[in-house]
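Enquirer: What follows is a structure written as structure tokens; I'll ask about it next.
The values are calculated or read from the model by the stated rules, or taken from the named source; none is laboratory data. Since this is a predicted model, take the numbers as computed values, not measurements. Here the Cβ positions follow ideal geometry from the backbone for every residue, glycine too, while neighbour counts run over all protein chains shown. Side chains included, ligands, DNA and RNA excluded: accessible areas come from the protein's heavy atoms. Shrake-Rupley method; radii C 1.70, N 1.55, O 1.52, S 1.80 Å.
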Amino acid sequence: MRGLYFVLLSVMAGAGSANEQNARWLSNTFRIDPSISAVTLFIEREQESAPVVLIRPDGSKYYYQRHPDHINWASTSQRDVITLWQPEPGPWQATGKINEQRGISLVSVFRLQLEPLPPRIYQREVLKLDAELKYAETTLDAAYYLDGLSLQAQLVSLLDNDGDRFARAPRVIGFFADDGTGLDAYPGDGKMTAELVFDTQPGQYLFQAQTTNQVLARTYEQELLVYPMPLNLRFSTPDAAGRWRLNLEADGELQPDTLVVSGELSNPLGQTLPISGQGRVIELPDARQPGNYRWQGRAFATTRDGREIQLDLAEQVVRVLPPATAPATGPAALAPARLLWPYLLGAGALLLLLSGGVLWLWRRKAARKREEGL
């Protein structure tokens, strides 16, 4: 789009925090030059006031609830954000309870600027990425222009199983913020920061950083390849004393002597133990209790071309079995059997007594039948 030029009916006031054209004009009237292809109006109102009414040069009106589809209009309790596409040249006016201090700000098309991603991204790699909203060479205050909204990063698969482009839904891998939390260094400095985790299958993707508030929409795009995870983890089997290790197997993408691991191991009792170490073998706390152990952490390494990377290690559950017990042998193993002999002899005597009684009754009954037969 072409640049934005304004012919104002009165002298503009000083620029705002983002050096946008900010004005307190006579009757809130401004003139749009014929060269304008698009303009966004930020209109600050008194708290809890109704949206403004926008009056065109021909005297017709646009309302928040009623306007053409080619006009985008978002309204909050004290702000209207209106984007005019191919606006009619001439004097425009906004009417309503407009804030006398802030008034009306007009900005031309601005862009979303990001640092380019590295040429080689690995599966489950973690990246810190900064983004800025730019108007010409000026960084805009994202908290003001995108109040209450977030800038998200996502991956779009360029090739699915059937060979169709853009067939899968985007996968969100992080959110940008300018609030001084997480990886963001300074709140409100205009630089939005995100921690991106490329938790996806290897393949070809379109990376998108996208923001929209139904009026302003900006997208940064870059095609990239996500390479397979360059690191494998393997837990050894605990020995008789419970000693075990975490073995790291790095492929040719990493320099093995640069591996550093930091994470947490939770035992079956629910206790969480910090784990850290350097190299291919990390000693773990003794596995004293049988059951499920949960591991999660991150690895830090240097690639073969010298780039420092961080890898998010997926949670793993390792089941530790109780130690196997061998069957007892020798005199100790015979002791329980000796203790059972008195009970076995008693049971045998009782069985003989019962058998004798049954036999005696049977013989007596048989003798009576013979006597009756005679």
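Enquirer: Below 29 Å, Cα to Cα, which lysines can Lys191 reach? Residues fewer than 8 away in the same chain don't count.
Expert: Lys191 reaches Lys128, Lys134.
Enquirer: Taking the alpha-carbon distance from Lys61 and a cut-off under 22 Å, which lysines remain once sequence neighbours fewer than 8 residues away in the same chain are dropped?
Expert: Within reach: Lys97.
Enquirer: On a full-extension model of 0.36 nm per residue, what is the gain between Gln296 and Tyr186, subtracting their alpha-carbon distance, rounded to one decimal in nm?
Expert: Values: separation 110, 0.36 × 110 = 39.60 nm, distance 2.91 nm.
Separation in residues times 0.36 nm, less the Cα-Cα distance, equals 36.7 nm.
Enquirer: Contour minus end-to-end for Arg66 and Glu100, with contour as 0.36 nm per residue of separation and end-to-end as the Cα-Cα distance? Can you show the working numbers first?
Expert: Details: separation 34, 0.36 × 34 = 12.24 nm, distance 2.58 nm.
Residue separation times 0.36 nm, minus the Cα-Cα distance, leaves 9.7 nm.
Enquirer: Using only alpha carbons, build the gyration tensor for the stretch 247-301 and give me the equivalent ellipsoid semi-axes, biggest first, whole Å. Mind dumping the intermediate values first?
Expert: Numbers: eigenvalues 123, 20, 16 Å².
So the equivalent ellipsoid measures 25, 10, 9 Å along its semi-axes.
Enquirer: What accessible area per residue comes out for the stretch 221-333, rounded to a whole number of Å², with a 1.4 Å probe?
Expert: Working: 6700 Å² over 113 residues.
Heavy-atom accessible area per residue stands at 59 Å².
Enquirer: Rounded to the nearest 0.05, what FRET efficiency is calculated for Gln208 and Gln86 with R0 set to 25 Å and r the Cβ-Cβ distance? Kindly include the intermediate steps, with their values, before the conclusion.
Expert: Numbers: r = 27 Å, r/R0 = 1.06.
About 0.40, to the nearest 0.05.
Enquirer: Note down the nm distance, to one decimal, between modelled labels 7 Å out along Cα→Cβ at Ser77 and at Thr219.
Expert: Result: 3.4 nm between the two label points.
Enquirer: Using label points projected 7 Å from each Cα along Cα→Cβ, tell me how many nm separate Glu315 and Ser276, to one decimal.
Expert: Distance between the two pseudo-spin positions: 2.3 nm.
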